[in-house]
Amino acid sequence: MTEPTTETKAVEGAAAAGLPLFYSRPEALNPARHGSLGLTARSDFSFAREAHAIPVVASEMPAAMRSYPIVFIGAAKAPVVITGLRQNENLFVEASGKWLEPHYIPAYVRRYPFILANDSGTGTGRLTLCVDRASERVTEVSSSAGKVAPFFNAAEASEASKQALAFCNQFQIDFNATRAMVEKIDAHGLFAPRQSTVTLEGGEVLNVTDFQVIDEPAFNKLSDEAFLDLRRSGALGLVYCHLASSNSWTSLVYQASQRRLVTGV
């Protein structure tokens, strides 16, 4: 009998398609095109229901590690949190679209439907604020019966857009810092391929494959000079959070077992 396998390729698959995970119609915000649009106030995370691996940055790992295993995927060894044990299943998004409390909601998820992208129109490589026009939260301000935060007040960016820009800017800063930390860790040869085998209540066996971890024995054998190099780079916090997050595989198995009790699958 073949054991079910989950491959952590959700993030890589989106990148291969030319778009980041979750986004399908990102458009640069401007008053001419989006002056009549806004964002509904509801917190609905249904768009993340099929994401079993979600990008995470170093600054949020102390919070994320309490709920999710943190692993690294792809050639770039991008850090992600594992939110499901099956392909296209996020155990932390409820049927209503709410994120399961009290678990941490990754910044990558909270950023959506906004994102920074290269402004191809200027040729400068400057990043500009974009919104995913395909998001169900993006709607006409005048036609919505609910509370909607407009993107623009006349030709001026609204407070909601300014807050979104600030959030996306900070995420980009944290992303770049995390990328530098990962490269430093990789330079010391600390990454190793792994897979995790878990058994749910009832005996179902699941394999989570195609990811890498920081090899703890190799880390413990680092020379004093190499350890100091990691400390100076700021990467030690990332290393310790990743190692501590291994305890969260148990939480993930528990969530999967609870989901099975409720849904039968």
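Laboratory data are not the source of any read-out in this text; all were calculated from the coordinates shown. Quick caveat: nothing in here was measured; it's all calculated off a predicted structure. All Cβ positions, even for glycine, are placed from backbone atoms using ideal geometry, and neighbour counts span all protein chains on display.
Kindly express, to the nearest 10 degrees and within the range 0 to 90, the angle between helix 159-187's C-alpha long axis and the longest C-alpha principal axis of the chain. In the chain, helix 159-187 runs at an angle near 30 degrees to the longest axis. Comparing Gly74, Phe45, Phe219 along the charge dipole axis of the chain, the residue lying farthest to the positive side is Phe45, per the Cβ-charge model.
The order of the peptides 230-242, 45-57 by mean Cβ neighbours within 10 Å, most packed first, is 45-57, 230-242.
Taking a ≥ b ≥ c as the square roots of the Cα gyration tensor eigenvalues, with a/c under 1.5 meaning rounded and otherwise prolate when a/b beats b/c, else oblate, which class fits the stretch 14-60? In terms of gyration-tensor shape, prolate. Adding -39500 (n - 2.57) for every DSSP H run of four residues or longer, then dividing by how many residues the chain holds, sets the calculated 222 nm ellipticity at -9500 deg cm²/dmol. Counted by neighbouring Cβ atoms within 10 Å, the residues Tyr112, Tyr23 run from fewest to most as Tyr112, Tyr23.
Scattering from the chain was approximated by placing one identical point on each alpha carbon and applying the Debye formula without solvent; log10 I(q)/I(0) at 0.12, 0.14 1/Å stands at -0.80, -1.03. The Rg/Rh ratio of the stretch 102-231, with both radii computed over alpha carbons and Rh defined as the Kirkwood radius, is 1.12. Taking 0.36 nm per residue of separation and subtracting the Cα-Cα distance, full extension of the segment from Glu183 to Glu225 would add 13.4 nm.
When the Gaussian network model of the chain links Cα atoms closer than 10 Å, the mean-square fluctuations of Asn88, Asn220, Asn118 top out at Asn220. Largest GNM mean-square fluctuation among Gly18, Gly203, Gly35, using the chain with Cα springs under 10 Å: Gly203. With the Cα gyration tensor of the stretch 158-265 giving a ≥ b ≥ c as the square roots of its eigenvalues, does the rule (a/c under 1.5 for rounded; else a/b larger than b/c for prolate; else oblate) give rounded, prolate or oblate? Judged from the Cα gyration tensor, the stretch 158-265 comes out oblate (a/c at least 1.5, b/c at or above a/b). Ordering Lys98, Lys147 from the fewest to the most neighbouring beta carbons within 10 Å gives Lys147, Lys98.
Of the residues Phe175, Phe227, Phe167, the one that moves most in a GNM of the chain with alpha-carbon contacts below 10 Å is Phe227.
In terms of surrounding Cβ atoms within a 10 Å radius of their Cβ, Tyr68, Tyr104, Tyr254 rank from fewest to most as Tyr254, Tyr104, Tyr68.
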